[in-house]
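Participant: Below is the structure I would like to discuss, written out as structure tokens.
The values are calculated or read from the model by the stated rules, or taken from the named source; none is laboratory data. Just so we're clear, the structure is a prediction, and the values are computed from it rather than from any experiment. Backbone-built Cβ (ideal geometry, glycine too); neighbour counts: all protein chains shown. Note: accessible area is taken over every heavy atom of the protein model, side chains too, but ligands, DNA and RNA are not part of it. Shrake-Rupley method; radii C 1.70, N 1.55, O 1.52, S 1.80 Å.
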Amino acid sequence: MTVAISLIEKREELRRVLESKTFASSPKKTRFLEFVAEQTLLGNGDKLNEYLIGVEVYERGTDFNPQKDPIVRVQAHEIRRLLKKYYEENGNGGPVRIDLPPGHYVPVFAPRASEARNEPSLPRNVRDGGPGGRDVRTNRAVIVALTCACLFLLALLLVVIRLHRGANVPRTQAAGLPESLAWFWGPFLPPAAPPLIVIPNHPLLRAAHDGDSAETIAKGHEIPKASLPEFRDTIHFRELKRFVFVPSLTDFTSVGESIGAVELCEMFFNVGQRSHVQQSRLVNFEEIRQDNAILLGGNQSWSGRVFLNLEGFHFQSGVILNQNPRAGEKAVYKPEFDPVTNQLRRDYALVLMLPNDSADKRVLLIYGIYTQGSQAAIEYLKNPDRMAELHKALSDVSSTHQIPQYFQALLTTTVENGVPGSSSLVAVRPIPTGN
């Protein structure tokens, strides 16, 4: 009996292979395998040929002649060798095996001989990608600084959640703090008004993308991708051809997602539901596929690759692509910037309600192109008037006028001084149950 392999399992196996030590020191071969695999999963396998791979992966230019330049054939042979080596060294891996048949460029996803399903490991520590030097040490210093900033934001988020929960407990319980704490926290406890807790905006260098303005990119600083092997497990490493870093105080800081996470925790807490907050790099595939999951921000490997929806809207490299534009819709939605100050003035966000492995479980993706879009989308989903608008829009596009179980919603928000303003619905797409 043929064993059905889900799209989620195929993408998870591709992730495991690409992140393995077998492919760690071969960035071009990694890009080759990822490109042909992604095109196959997107339904474009019939379009794969030597010319397309030579132009897209090896940047040979439009005059590339596969008959004179055998680069694609040679590299395909090496990839087959690496895949064989990978599966020989990882005999008890996932339930799926990837093969690249000789003479073909369309990878085949087949069930492994062993049906044992081991939990995927957390992202590996990537080996150093080159000789040491002052530039590399500087780059790593930047990475360490950014990592510390992100961890600091996460710590603050957890503190905010815990303090907010403390503010909702009965007064008698709050008054029951030990004297060693009450003398300090007393002024912040009821009957005093809830305190204001401020999340910092750390200065940072973030990766530029296609959604940035030309002026922003012109002020960037390029760092060779080979000098940043620590970024191999990120969406940016796979989507961006160059690493141009631009300074930011408001964008890609995860401040919007942090504020949104607090609001979601508050909403769940008020109805007696517990919630669990975790940073994406510590979440494994099984945790997502087994339960209800909410993924915030578009820079997670799980959101951009595992739960990719093939129809409707698609988030890629800082823009939102519209696969099948309808009347009044655009083919590409890009952020808008003030022509004088170059400050972000309009952002877009996607909301995807998708099925999980179990019929009663859901995966909800909420992410803006910038952090302001993410925050605005979460606020939209908590606003009764806005949700009535979404309900009507989904009912109108349904042939039965019933709300579809799974859907996409494209939202937009104004932005002023790095803060999201009013948000509105742009378009919706039902996702067929069979997808």
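One line per residue, one yes/no per condition, for (1) at pLDDT below 85; (2) out of contact with any strand residue (DSSP E or B) (no Cβ under 8 Å at 6 or more places or on another chain); (3) not aromatic (F, W, Y):
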position	(1), (2), (3)
R232	yes, yes, yes
R238	yes, yes, yes
I259	no, yes, yes
L296	no, no, yes
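Participant: Additional query: Can you work out which of the residues in the range 255-284 that are more than 23 Å from S317 (Cβ to Cβ) and among the hydroxyl-bearing types (S, T, Y) is surrounded by the most Cβ atoms within 10 Å (Cβ to Cβ)?
Facilitator: The selected residue is S258.
Participant: Pairs under 8 Å by beta carbon, first residue under 16 Å from V74 (Cβ atoms) in the range 40-58, partner part of a helix (DSSP H, G or I) and among the polar types (S, T, N, Q), six or more apart or different chains?
Facilitator: Pairs found: Y58/Q75.
Participant: Looking at the range 90-101, can you tell me whether even one residue there is of a type in the set (K, R), closer than 20 Å to R16 by Cβ and in contact with a Lys or Arg (Cβ under 9 Å, 6 or more places away or on another chain)?
Facilitator: Scanning the range 90-101, I find at least one residue that is of a type in the set (K, R), closer than 20 Å to R16 by Cβ and in contact with a Lys or Arg (Cβ under 9 Å, 6 or more places away or on another chain), so the answer is yes.
Participant: Among the residues of the range 317-327, count how many are buried (at least 16 other Cβ atoms within 10 Å of the Cβ) and in a strand (DSSP E or B).
Facilitator: Count: 3.
Participant: Give the residue, chosen from G93, G132, that is in contact with a helix residue (DSSP H, G or I) (Cβ under 9 Å, 6 or more places away or on another chain) and modelled with pLDDT under 90.
Facilitator: Being in contact with a helix residue (DSSP H, G or I) (Cβ under 9 Å, 6 or more places away or on another chain) and modelled with pLDDT under 90 holds for just one of G93, G132, which is G93.
Participant: Okay, next question. Taking the criterion of being of a type in the set (A, V, I, L, M, F, W, C), over 26 Å from Q343 (Cα atoms) and without any contact (Cβ under 8 Å) to a residue 24 or more places away in the chain, would at least one residue in the range 411-430 satisfy it?
Facilitator: Within the range 411-430, none of the residues are of a type in the set (A, V, I, L, M, F, W, C), over 26 Å from Q343 (Cα atoms) and without any contact (Cβ under 8 Å) to a residue 24 or more places away in the chain.
Participant: Pick from the range 240-257 the residues that are under 30 Å from P27 (Cα atoms) and out of contact with any Lys or Arg (no Cβ under 9 Å at 6 or more places or on another chain): which of them is modelled with the lowest pLDDT?
Facilitator: S254
Participant: Of the conditions (1) at pLDDT below 90; (2) within 30 Å of R11 (Cα to Cα), L394 fails just one. Which one is it?
Facilitator: Checking L394 against (1) at pLDDT below 90; (2) within 30 Å of R11 (Cα to Cα), the one that fails is (1).
Let's see how each residue does on (1) surrounded by fewer than 20 Cβ atoms within 10 Å (Cβ to Cβ); (2) touching a residue at least 60 places away in the same chain (Cβ under 8 Å); (3) in contact with a His (Cβ under 9 Å, 6 or more places away or on another chain); (4) on the phi > 0 side of the Ramachandran plot:
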| site | (1), (2), (3), (4) |
| --- | --- |
| E336 | yes, no, no, no |
| V363 | no, yes, no, no |
| G368 | no, yes, no, no |
| Q372 | no, yes, no, no |
| S395 | yes, no, yes, no |
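Residue-by-condition table, conditions (1) in contact with a helix residue (DSSP H, G or I) (Cβ under 6 Å, 6 or more places away or on another chain); (2) hydroxyl-bearing (S, T, Y):
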{"position": "K225", "(1), (2)": "no, no"}
{"position": "F245", "(1), (2)": "no, no"}
{"position": "T253", "(1), (2)": "yes, yes"}
{"position": "I259", "(1), (2)": "yes, no"}
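Participant: Related question: Among the residues of the range 205-254, write down those that are polar (S, T, N, Q), in a helix (DSSP H, G or I) and buried (at least 19 other Cβ atoms within 10 Å of the Cβ).
Facilitator: Selection gives T216 alone.
Participant: In addition: Any residue in the range 315-329 that is touching a residue at least 60 places away in the same chain (Cβ under 8 Å) and more than 15 Å from L352 (Cα to Cα) sitting within a Cβ distance under 7 Å of a residue that is open to solvent by 50 Å² or more (accessible area, probe 1.4 Å) and not in a strand (DSSP E or B)? List the pairs, counting only those 6 or more apart or interchain.
Facilitator: S317/D210; S317/E239; G318/D210; V319/D210; V319/K334
Participant: Quick check, is Y348 under 28 Å from R289 (Cβ atoms), within 19 Å of the chain's Cα centre (by Cα) and open to solvent by less than 20 Å² (accessible area, probe 1.4 Å)?
Facilitator: Yes.
Participant: Something else now. Is there a residue in the range 416-433 that is open to solvent by less than 40 Å² (accessible area, probe 1.4 Å), under 25 Å from H236 (Cβ atoms) and under 22 Å from the mean Cα position of the chain (by Cα)?
Facilitator: So far as the range 416-433 goes, yes, one or more of its residues are open to solvent by less than 40 Å² (accessible area, probe 1.4 Å), under 25 Å from H236 (Cβ atoms) and under 22 Å from the mean Cα position of the chain (by Cα).
Participant: In the list Q300, Q343, which residue meets the criterion of being at pLDDT below 75 and either open to solvent by 20 Å² or more (accessible area, probe 1.4 Å) or in contact with a helix residue (DSSP H, G or I) (Cβ under 9 Å, 6 or more places away or on another chain) (or both)?
Facilitator: The conditions single out Q300.
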